[in-house]
Amino acid sequence: MSRAFVVVLDACGVGALPDAGDYGDAGTNTLGHLAEQVGGLHLPTLQRLGLGSILELAGVPPSPAPVLHGRLHALGPGKDSTAGHWELMGVVMPAPLPTFPNGFPTEVIATVRAASGRGILCNQPRNGVEAIDHFGVQHVQSGDLIVYTSQDSVLQIAGHVDVVSPDALYAICSEVRGKLTGEHAVGRVIARPFAGSAGTFERTEGRRDYSVAPPTRSYLQELQAAGVPVHSVGKVGQLFAGIGIDLQHPGPTNARALKETTALMSSLDHGLVFTNLVETDQVYGHRHDIAGFDRALSDIDACVADWLGLLRGDDLLVLTADHGCDLTSPRTDHTREHVPLLAQFTGHRSRRHDGALADVGASVLDWLAGADAPALPGTSFV
């Protein structure tokens, strides 16, 4: 009746991968550069666990007694949440998902028009906040949808809650998701409801991600086959299109995701909890908000201190990330980086472990079911 908690600090990369230059990300280091920008991070709990033992980090010296710690790397292409979360659970994309650096082609826009019965605004790679600020008034006046993308494989559709109800927006996104196949099988169709008036438009907590299904079996499905319940918190369940997830818990903000995870840690008898903490990516990373990113990490650090007091002797706690989002990069998109690994469990022996993201899924299956999955990538570290 053991438990495992895998918590993804979204976009908290720890140094460029060897092929980062192919993505325009040579020299990136999200946490390293953040620490330099703020004159040193103050993260006493993560410091004690060994964050400063993974890499040189201003303000976070190496721990004298770290938990298992190291850096993880991707096996496949990509640098977004879909690729990162999938790889943590043993799903490696055979090829990059399609991106649309010049906006969507006519046939994709026609699909959105047919699903919504509305016109289309924007159709450009845009920061989401900027897209809503720039096109929001025109959207409210015309009823046309704001459709935009980024450097990632995403199609985002924004609508004001007084113009397009959230339920209607979700229905549009769901239909579009089902029709985008083949060369246009974008990784995620994302619903972005927003509220407010000109000059004060603000995205609500009603975001929903409609992901393409993982192309292969994951460690989540292996856990289910072994009779282990799988819980997700935040956007994790949506990234896997619900496949391999028994119960999805809300977590549109860090505060809610931390609260949900704490509640599960306090009540769950057995199983996996797979949590995403989105704000270091969505709210602060893409906006290059250095002070906000720093505050978010401090809030997470304080919550991790509480979690350590709730852990049982048969628990596994893994803190990691999915990609980077270097705030000193000239661009505002994700960066191709290693991710940190901190794992608290009985018998960790303060070891260093550098390996693949899939090692997390392999370790969770080993810990909870005493099993392995030879057909999946990854090596257990427990």
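The values are calculated or read from the model by the stated rules, or taken from the named source; none is laboratory data. Just so it is clear, the model here is predicted, and its values are computed rather than measured. Positions of Cβ are generated from backbone atoms using ideal geometry, with glycine treated the same way; all protein chains shown enter the neighbour counts. SASA here: full protein model, heavy atoms, side chains in, ligands and nucleic acids out. Shrake-Rupley method; radii C 1.70, N 1.55, O 1.52, S 1.80 Å.
Observations, loosely collected:
- Pairs, first within 15 Å of residue 16 (Cβ to Cβ) and open to solvent by less than 70 Å² (accessible area, probe 1.4 Å) in the range 63-77, second basic (Lys, Arg) and outside any strand (DSSP E or B), C-beta under 9 Å, six or more apart: 74/336
- If you go through the range 1-19 and pick out every residue that is over 18 Å from residue 70 (Cβ atoms), aliphatic (A, V, I, L, M) and open to solvent by 10 Å² or more (accessible area, probe 1.4 Å), you end up with 1.
- Selection of the range 79-98 for residues being open to solvent by less than 20 Å² (accessible area, probe 1.4 Å) and not charged (D, E, K, R) yields 81, 82, 83, 84, 85, 86, 88, 89, 90, 91, 93.
- Within the range 259-288, if we keep just the residues that are among the acidic types (Asp, Glu) and open to solvent by 20 Å² or more (accessible area, probe 1.4 Å), the residue that is farthest from residue 208 (Cα to Cα) turns out to be 269.
- Taking the range 135-178 as the range and being of a type in the set (Val, Ile, Thr) and in a loop (DSSP other than H, G, I, E, B) as the test, the residues that pass are 161, 163, 164.
- Considered as a group, the residues in the range 123-159 that are of a type in the set (Val, Ile, Thr) and open to solvent by 20 Å² or more (accessible area, probe 1.4 Å) include one that is modelled with the lowest pLDDT, and that residue is 129.
- In this structure, residue 52 does not satisfy being open to solvent by less than 20 Å² (accessible area, probe 1.4 Å) and not in a helix (DSSP H, G or I).
- Where a residue in the range 225-251 is charged (D, E, K, R) and its partner, wherever it lies, is surrounded by fewer than 24 Cβ atoms within 10 Å (Cβ to Cβ), with Cβ under 6 Å and at least six apart: 235/209; 246/229
- Residue identified as buried (at least 24 other Cβ atoms within 10 Å of the Cβ) and under 29 Å from residue 283 (Cβ atoms) among 302, 358, 362: 358
- A search for C-beta distances below 6 Å between a residue of the range 264-277 that is touching a residue at least 40 places away in the same chain (Cβ under 8 Å) and any residue that is among the basic types (Lys, Arg) and buried (at least 24 other Cβ atoms within 10 Å of the Cβ), counting only pairs 6+ apart in sequence or on different chains, returns 276/235.
- Close pairs from the range 105-128: first at positive phi, partner open to solvent by less than 40 Å² (accessible area, probe 1.4 Å) and not in a helix (DSSP H, G or I), Cβ under 6 Å, at least 6 apart: 122/146; 122/147; 122/148; 123/103; 123/104; 123/147
- Every test in (1) closer than 15 Å to residue 300 by Cα; (2) in a strand (DSSP E or B); (3) of a type outside the set (A, V, I, L, M); (4) open to solvent by 30 Å² or more (accessible area, probe 1.4 Å) is passed by residue 256 save one, and that test is (2).
- Residues that are of a type in the set (A, V, I, L, M, F, W, C) and open to solvent by 30 Å² or more (accessible area, probe 1.4 Å), drawn from the range 289-299: 290, 291
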